[in-house]
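Q: Quick one: the structure is below, questions incoming.
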């Protein structure tokens, strides 16, 4: 082996990290920032508006003790007044007290109104 040729493993090792082109840092690159898709913020805003409308409606029905008909996904109808609610459930007082998951509700309407949907 001649004195002018060096093994390939040593060639990269002799250069400082700044001297290696594949390890150079971009001086103009911005620091990584959090990224949110624009559609995500719109969906979040719409969900918040929908949630506020739902809370207003339920609170109004509770305060006025409005008799309601709640139609479940399987077609069962539950009649009564809404006593309270939380994020996932409604408590309805009718012939008996029933706890209903909101995900099981197809639609609801005030008793005495035509509730065809």
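Q: Could you please find all residues in segment 76-102 being assigned to a loop (DSSP other than H, G, I, E, B), farther than 25 Å from residue 47 by Cβ and touching a residue at least 12 places away in the same chain (Cβ under 8 Å)?
A: The answer is 94, 95.
Q: Moving on. Given the structure, is residue 27 under 17 Å from the mean Cα position of the chain (by Cα), exposed (fewer than 11 other Cβ atoms within 10 Å of the Cβ) and at pLDDT below 75?
A: no
The values are calculated or read from the model by the stated rules, or taken from the named source; none is laboratory data. Quick caveat: nothing in here was measured; it's all calculated off a predicted structure. Note that we place each Cβ from the backbone using ideal geometry, even for glycine, and neighbour counts take in every protein chain shown.
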